[in-house]
Amino acid sequence: MANFITSLTDRLRGFLLTGENQIPALWWDMIQQIQFLQEDFASYTESQLFDEWNSFRFRVQSGEPLTSILPEAFAVVSEQMKRHLDMTPYPVQYLGAIAMHEGAIAEMQTGEGKTLTAALTLCLNALPDQGIHIATANDYLAERDAQWLSPVYNALGMTVGTVTASSSLSERRAAYECDITYGTAREFGFDHLRDLLSAPDLKTSATNRRQQLFGQQNNQGEQQLLNPRKPYMVIIDEADSILIDEARTPLIIGQTDANEEAQLAIACQWSASHATTLNESEHYIDHGPQRGMELTEAGRRIVRELLLQNDAPSAMNTGTAYLASERALRVQNYFQNGRDYVVREGKVAIVDEFTGRISEGRMWQNGIHQAIEAKEGLEITSPTKVGAQTTVQELFSRYPRMAGMTGTAESAASELKKVFATPVIKIPTNRPSKRQMLPEQIFLTAEEKWAAIVEETAAMHRLGRPVLIGTRSVNLSNQISARLLQAGLEHEVLHALNHENEAAIIQQAGQPGRITVATNMAGRGTDILLGEGVAALGGLHVICSELHESARIDRQLTGRSARQGDPGSARIFLSLEDEILTTGLGDQQVKELNSSYQEINQDLKSSVRYFYQAQQRIETRHEQQRIDLVNRINQRRQMLQQMGQHANLDAF
């Protein structure tokens, strides 16, 4: 047995290193061993299984490698899953769990049971008693998965905790003391930064170094920390979303700056009042969403004239007025209510561009948040300056071991391996896919496209098939909702303003004739189960109302249909007025495209390549932004370390 495992481990690591995409035969051999052992454990009492698990813990903590007991451990966990959840992992779920144990990202299609798969890896790797973390896509999934699997963990004598945005400090400390801790990457990152802010000198002070030298413990410092344990291992759910899509934005904890509050509030309110009177090209130059706006000489003259009026702030100098005006113009042009943010209970709440959910607790920096509040006529909140910051890349590099799972990692495999040194292993589906990808429908105008979407939805509804319509923003969800109501089609809408009903809406989305409108990623992590008789009608039909800036998110949306061998279909609708063309190709090329197809009456099907070309350009641009962020953070860290300062506790 030991020789078999050693051989397997050597072969497996060689497989991961070379990046081959076929499952080695030895993986299947190991699965047969797991299933054989589970048959033996089926006759064990709960007490005997508990003792068996504790014997694994003793063996591991006595120095035996985890991989050597993997088949036995997976077999015991599987038996407990059978008893407490009435579920036994499929062979492909064992494959995913083995891949993650070895530090890979397992690509498993939607509906293939990633939650159960992760539990196998979590249980095995919790045996060293060092605390293993699992980063989920949102708070709901963290709480749901921890609660659902807790009977299995408890039967094995393991503790499980959950960290969410609403967790108190004492609840966070208790969760981090558990064998397994569920939470979001954002909460893990912010708690790390809070620990740095509360005790930044723990790792750098002379006193601390002297205590370490003589084997003394600084318990007082540890008591201040939310998580005094050293990072050990993290498993990342929806790994591509967290490691790729969210990696362009650093995690920042802000600290209020009372000195700037009054001045910034006045500047934002004043600049918001005149921003709409300034014209592009004549009064300002648009350098794009990243660089923002620049006033021309004519624009600066207008601002100076406005400063001379009676209602202008008396204490504002021209430099501040210029900056405030350029910031107001940037907000006016690039921050849209219902797309980038929503106004909820009198507050501006950021909408995550990839999930369509509210990003709780997040605020834009450098006065942008306050400028948006002024634009919307809201009370101006206190500005913040950077207190502590980190990046997704830096956060997860703290863990000696990292693994993950997702339905769409293969297209990002090269970046994941280059940045995180993590290979992607594609896991086969439990049953062959029956998904039917219908040809794209392309239209000249958005009006024609939305009309066609309503028409196809109505046709599917008449057949009794459920329909899921994916949109890119709250505004577009509301627009298609109004059209469906006008057509007499009852439906549910899921977006950032009613996210608390997310699970309930998605769980019902597979019922006969049900129509659900959702932002593209809303409901991710919750299976859409087909209602009675729906499979015979053709299953769930998914409509992608336009391409997202990431092809992986489109794949996630269309992948909601035809799970676990069910029938289903999906179609993408496009128009030459779609935002992705302008963002990816630029205004001039889009104008030429429109003119070309309108004048010579070309078949619009030939234009499909331009949509995917635009999407690919945006993906390349975003990848470069992630690389630039990492380089900038690394340069900053080196500079601060040379100055004897902590790399996470100063502003850029």
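For the range 615-631, 3J(HN,Hα) computed residue by residue from phi via the Karplus equation (6.51, -1.76, 1.60; θ = phi - 60°) reads 4, 5, 5, 5, 4, 5, 4, 5, 4, 5, 5, 5, 5, 4, 4, 4, 4 Hz, glycine and proline entered as x.
When the helices of the chain are scored as -39500 (n - 2.57) per DSSP H run of n ≥ 4 and the total is divided over every residue, the value at 222 nm lands at -15000 deg cm²/dmol. Every Cα-Cα pair in the range 335-381 was counted, and those over 16 Å apart are 28% of them. Net charge in the neighbourhood of Leu295 (other residues with Cβ under 10 Å of its Cβ; Lys, Arg +1, Asp, Glu -1) is -1. Using a 1.4 Å probe on the protein chains only, how many percent of the accessible area of the range 380-518 belongs to carbon and sulfur? Carbon plus sulfur share of accessible area: 49 percent. Close amide-amide hydrogen proximity is noted between Val493 and Val517, each under 5 Å apart and 5 or more residues distant or on a separate chain (H modeled in the peptide plane; Pro and chain starts excluded).
DSSP assigns beta bridges within the chain; of those with both partners inside it, close to 20 percent run antiparallel.
Shape of the range 233-314 from the C-alpha gyration tensor: oblate (a/c of 1.5 or more and a/b not above b/c, with a ≥ b ≥ c the square roots of its eigenvalues).
Here the mean projected area of the convex hull built on the C-alpha positions of the range 304-409 is 10.1 nm². Given the pairs Lys375/Lys591; Lys426/Lys605; Lys347/Lys375; Lys114/Lys418, which are separated by over 20 angstrom at their Cα positions? From the list (Lys375/Lys591; Lys426/Lys605; Lys347/Lys375; Lys114/Lys418), the Cα-Cα distance tops 20 Å for Lys375/Lys591; Lys426/Lys605; Lys114/Lys418. Surface composition of the range 293-360: carbon and sulfur atoms hold 45% of the protein heavy-atom accessible area at a 1.4 Å probe.
Karplus-derived 3J(HN,Hα) values for the range 405-421, using 6.51 cos²θ - 1.76 cosθ + 1.60 with θ = phi - 60°, are 8, 5, x, 9, 10, 4, 5, 9, 4, 5, 5, 4, 6, 6, 7, 10, 6 Hz; glycine and proline are entered as x. Between amide H atoms placed 1.01 Å from N, distances below 5 Å from Ala106 occur with Gly404, Met405, Thr406, Ile425, all of them 5 or more places distant or on a separate chain.
For the chain, the spread of Cα positions along the three principal axes, ordered from largest to smallest, is 85, 72, 43 Å.
Shape class for the range 552-629: oblate, because the ratio a/c of the largest to smallest gyration tensor axis (alpha-carbon atoms, square roots of eigenvalues) is 1.5 or more and b/c is at least a/b.
Could you tell me whether the range 419-509 comes out rounded, prolate or oblate from its Cα gyration tensor? Rule is a ≥ b ≥ c as square roots of the eigenvalues, rounded for a/c under 1.5, then prolate if a/b exceeds b/c, otherwise oblate. Judged from the Cα gyration tensor, the range 419-509 comes out prolate (a/c at least 1.5, a/b above b/c).
Here is the list for the range 302-365: GluC sites (Glu not before Pro) lying in DSSP coil, each with at most 12 other C-beta atoms within 10 angstrom of its C-beta, are Glu345. A simple rule links phi to the HN-Hα coupling: the Karplus curve 6.51 cos²θ - 1.76 cosθ + 1.60 with θ = phi - 60°, which for the range 291-304 gives 8, x, 10, 9, 5, 7, 4, 5, x, 5, 5, 4, 4, 5 Hz, with x for Gly and Pro. Dividing the mean sequence gap of close Cα pairs (under 8 Å, 6+ apart) by how many residues the range 548-606 holds gives a relative contact order of 20 percent. Over the C-alpha trace of the range 29-168, radius of gyration and Dmax come out as 14.6, 46 angstrom. Amide H contacts for Leu540 (H built 1.01 Å from N in the peptide plane; partners 5 or more residues away or on another chain; cut-off under 5 Å): Ala562, Ser569. Across the accessible surface of the range 90-154, with the other protein chains kept in place and a 1.4 Å probe, carbon and sulfur atoms take up 48 percent.
In this structure the range 247-316 gives 60 Å² per residue of accessible area when probed at 1.4 Å with all protein chains present.
The values are calculated or read from the model by the stated rules, or taken from the named source; none is laboratory data. Quick caveat, the model's predicted, so the values are computed rather than measured. Positions of Cβ are generated from backbone atoms using ideal geometry, with glycine treated the same way; all protein chains shown enter the neighbour counts. Side chains are part of the model used for accessible areas, which takes the heavy atoms of the whole protein and leaves out ligands, DNA and RNA. Shrake-Rupley method; radii C 1.70, N 1.55, O 1.52, S 1.80 Å.
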